[in-house]
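Below is one structure; the comments refer to it alone.
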Amino acid sequence: MWWCSMNLEEYINTMIEMHADHNDNMHDYFKWFLRNSRIYNTINREESKILSKNAIIKECYNNCFKSLHDTYKIKSKVLKYIEGYTMSLIPIEHAFLINENNEIIDPTLAINTKYDKRSERYGSEYIGITIPNDLLLQFRSNTTKYNQYLPIPFLYYQEIEGKDL
């Protein structure tokens, strides 16, 4: 289990190396992801917990998409949709939100947690790409043009780089 001892940046670098010899664009995608992503470490537990009330386990993409417009429930007034990875026991693909203070708001991993740090399920580290809201809506609504089985950062990469995966 080599991935348990590394951080998320090291994990992405490993993915770059793994795809170096393949005849696909995944090598370029992971290089692009690393260049354009950001690491986040500060979690706003209070706002995550509030937005987790209507969240569903294992539906981070939908939970975050729906929560973008729930700012009336929390103090943060501007939320950005981020897709990337979180480090739990292993790196997992994950969607989360960022507020105007660059704090992580994670309605999915806040489900069934208490404010006690010993019982929480949040990742120890998050890395991701900010997906502009207009493109997010476009990707999610146009199922004939965009492959709905690809994570949105793949679609975003295809859109701005003009490359297929």
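Throughout, read-outs are computed from the coordinates displayed, never taken from laboratory work. The shown structure was predicted, so the numbers you read here are calculated from the model rather than taken from an experiment. Here the Cβ positions follow ideal geometry from the backbone for every residue, glycine too, while neighbour counts run over all protein chains shown.
When every Cα-Cα distance of the chain is counted in 5 angstrom steps from zero, the calculated P(r) takes the values 2, 9, 18, 20, 20, 15, 10, 5, 1, 0 percent.
Residues Ser52, Ser88, Ser76 in ascending order of nearby Cβ atoms (within 10 Å, fewest first): Ser88, Ser76, Ser52. As a proxy for reagent exposure, Leu155, Leu51, Leu34 were ordered by neighbouring Cβ count within 10 angstrom, fewest first; the result is Leu34, Leu155, Leu51. With a simple spin-label model that places each label point 7 Å from the Cα along the Cα-to-Cβ direction, the separation between Ile160 and Ile39 comes to 2.0 nm.
Distant-in-sequence amide contacts of His94, defined by a placed amide H-H separation under 5 Å and a gap of 5 or more residues or a different chain, comprise Gly84, Tyr85, Thr86. Just check the range 1-96 against the gyration tensor rule for me: Cα atoms, a ≥ b ≥ c as the square roots of the eigenvalues, rounded for a/c under 1.5, and otherwise prolate or oblate depending on whether a/b exceeds b/c. Cα axes put the range 1-96 in the prolate bin. Considering only DSSP beta bridges where both residues belong to the range 2-161, give the percentage that are antiparallel (nearest 5). For the range 2-161, the DSSP antiparallel bridge percentage is about 95. Taking other C-beta atoms within 10 Å as the exposure proxy, Tyr157, Tyr122 rank Tyr122, Tyr157 from fewest upward.
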